[in-house]
Amino acid sequence: MIHRHLDYPADSEPDELPMAAIADLLERGDLDDWRPLAATIARDPFDHVAERVARVIDSFPMYGTSALWRAYLERRRAAVGGYDLNEPSSLGVLRRNLGITQTELASRLRISQSDLSKLERRVDWRLSTLRRYIAALGGDLRLTAIFRRR
């Protein structure tokens with residue numbers, strides 16, 4: 001498999017590919033090329049491969065491909081019950097998936113709809129604010145630390 005000026009064996013694992021190869025794969029690859037990447041993300045939509053894909057599609061928007069991969073990442077993350085708070089849209093996605101409007105949630109939080117919109121675009125949260133937001137959605141916030149062996 002040749003990615004731009006980089007040459008990798010066809011059976012290279014997605015976590016072995018540098019950012020340039022992932023960008024090229026997303027831009028020029030076909031469904032067969034994407035299959036290993038999609039499988040890796042399906043196994044763990046919050047691991048470093050998924051994060052690298054998110055960075056590529058955010059940094060180098062590609063017609064059609066970026067929206068497709070963003071939607072796939074969000075669906076996989078939602079399917080495992082998690083949302084990545086480093087993604088500015090993730091709380092809005094969570095709220096919409098629960099069928100709650102910004103106006104309704106803003107009322108529950110006793111803030112304006114425009115303040116809620118700003119809040120949902122944040123990437124740096126105080127735990128107390130996040131706890132209130134999640135409680136207003138009807139949930140309980142649980143913080144889990146996961147350590148992976150390298």
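Every number here is computed from the coordinates shown, using simple stated rules; none is lab data. All values derive from a computational prediction rather than experimental measurement. Note that we place each Cβ from the backbone using ideal geometry, even for glycine, and neighbour counts take in every protein chain shown.
Take every pair of alpha-carbon atoms less than 8 Å apart whose residues are at least six positions apart; their mean separation over the length of segment 1-81 yields a relative contact order of 26 percent. Just in segment 12-120: which trypsin sites (Lys or Arg not before Pro) are loop by DSSP and have at most 10 other Cβ atoms within 10 Å? Sparse-neighbourhood loop trypsin sites (Lys or Arg not before Pro): R110. Our coupling estimate for segment 92-101, obtained by passing each phi through the Karplus curve with A = 6.51, B = -1.76, C = 1.60 and θ = phi - 60°, is x, 4, 4, 4, 5, 5, 8, x, 10, 7 Hz, Gly and Pro reported as x.
If R0 equals 35 Å, the separation of the Cβ atoms of T129 and A67 corresponds to a calculated FRET efficiency of about 0.75.
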